[in-house]
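The values are calculated or read from the model by the stated rules, or taken from the named source; none is laboratory data. Note that the structure is predicted; figures quoted are calculated from it, not measured. Positions of Cβ are generated from backbone atoms using ideal geometry, with glycine treated the same way; all protein chains shown enter the neighbour counts. The protein model used for the area step is the full one, side chains on, heavy atoms only, and it has no ligands, DNA or RNA in it. Shrake-Rupley method; radii C 1.70, N 1.55, O 1.52, S 1.80 Å.
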Amino acid sequence: MWNYEKRLQFPVKITKTCPKSAQLIISQFGGPDGELAASMRYLSQRYTMPCKKTAGLLTDIGTEELAHMEMICAIIYQLTKDMKPEDAKTAGFDAYYIDHTSGLWPQAAGGIPFNACEFQSKGDAITDLFEDLAAEQKARTTYDNILRIIDDPEIREPIKFLRAREIVHFQRFGEALEQIKDSLDSKNYYYFNPEFDKQMMQAKQ
Amino acid sequence: MGGRCEALEQINEVSFMLSDLSLYLDTHPTDKEALGWFGKYSAERKNLLKKFEENYNPLTIDCVCTEHPEKEPHFTWVDGPLPWDCQEGGRAHVEL
């Protein structure tokens, strides 16, 4: 169950129209390491987590990613809401404009539509947590790349906030992984699946 | 009293403290210091949300109050700008 809060997690106040920046940042909406994929990854993985604490963490981080997706969408919306067809054309945003006008649609910077194949839910706690750690780092790199290209401080501030959150999530997932490993046989972390081969976990306890 | 923007900023800050603390407490549920901070900010957030509803509009469905003696009776959840509109009072949406 979810409830909506009528505010952004961090304010987005962009006054200058720039479809070119929108075209790059849209990757964090529907791209391979975007916020939509992040949220769906964690919210899908949590059901079979063998450790209640980790399932709770996945719920909370997956929920925060939804708020990040909303911030990214607010950035794209504010960058494009006042664009003229001419702006779209000169910025290379014309192909998107033809299909979506200034509507929000999840795609990668290169135009590839959002796809659930961007993430996995393997049903193996160790595997999934390693993927989550990698996902946070990949998203951080994407934000680094965005920050290297975009100068407008009004865009940079919310992007810097989102980048910092990736680092915090990486730390928390790292802690979750250590806690799961603590409940397994240290000589055999990677030998069996703690989500499926449940008797192996009980044997240790 | 500051404006709507300032009031919202205060709520954003306190709420951020709470969400960051929540993630920390998810992996450290018995940390006394963090629990203390959580209690403090949680009470502060409740109070700020209530004040925001009284002065502007509800930010959560639980803040909706149907008994405002000074307001025309209506569903106040629809009041206030959309979060993605940056200007105070929101974008000039066409009223259909």
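Things to note:
- Computing FRET efficiency as 1/(1 + (r/R0)^6) for A:PHE130 and A:HIS100, where r is the C-beta to C-beta distance and R0 is 45 Å, gives about 0.80.
- Alpha-carbon radius of gyration plus Dmax, which is the widest Cα pair, for the protein assembly as shown in Å: 21.5, 69
- Exposed-loop-free span, longest in chain B, where trypsin sites (Lys or Arg not before Pro) count as exposed if DSSP calls them loop and at most 16 other C-beta atoms lie within 10 Å: B:1-70
- Loop-located chymotrypsin sites (Phe, Trp or Tyr not before Pro) across the range B:1-78 with a Cβ neighbour count of 15 or fewer within 10 Å are B:PHE75, with loop assigned by DSSP.
- The string of couplings for the range A:63-77 from the Karplus curve (6.51, -1.76, 1.60, θ = phi - 60°) is 5, 4, 5, 5, 5, 5, 4, 5, 5, 4, 5, 5, 4, 5, 4 Hz, one whole number per residue in order, with x for Gly and Pro.
- Residues losing 50 Å² or more accessible surface upon assembly, the range B:7-39, compared with the chain by itself, 1.4 Å: B:ASN12, B:PHE16, B:LEU23, B:ASP26, B:THR27
- Based on the Kirkwood approach, the hydrodynamic radius assigned to the range A:109-205 is 15.8 Å, with every pair of different Cα atoms included.
- 5 Å binning of all Cα-Cα separations within chain B, expressed as whole percents from 0 upward: 2, 11, 19, 18, 17, 13, 9, 6, 3, 1, 0
- Across chain B, the longest piece that holds none of the GluC sites (Glu not before Pro) lying in DSSP loops with up to 14 other C-beta atoms within 10 Å covers B:1-66.
- Taking chain B as a Gaussian network of alpha-carbon nodes connected by springs under 10 Å, the highest mean-square fluctuation of the residues B:VAL78, B:VAL14, B:VAL64 belongs to B:VAL78.
- Listed cross-link partners A:LYS89/A:LYS138; A:LYS53/A:LYS122; A:LYS81/B:LYS51; A:LYS13/B:LYS50 are compared with a 22 Å cut-off, the Cα-Cα value being larger for A:LYS89/A:LYS138; A:LYS81/B:LYS51; A:LYS13/B:LYS50.
- Every Cα-Cα pair of the range A:1-40 was included, and the share exceeding 10 Å stands at 77 percent.
- Based on protein heavy atoms only, the range A:6-83 ends up with 31 Å² per residue of surface accessible to a 1.4 Å probe.
- Inter-label distance, nm, simple model (7 Å from Cα along the C-beta direction), A:THR141/A:THR15: 3.7
- Over the C-alpha trace of the range A:1-128, radius of gyration and Dmax come out as 16.6, 54 angstrom.
- Simple label model, 7 Å out from Cα along Cβ direction - A:TYR4 to B:TRP77, nm: 0.9
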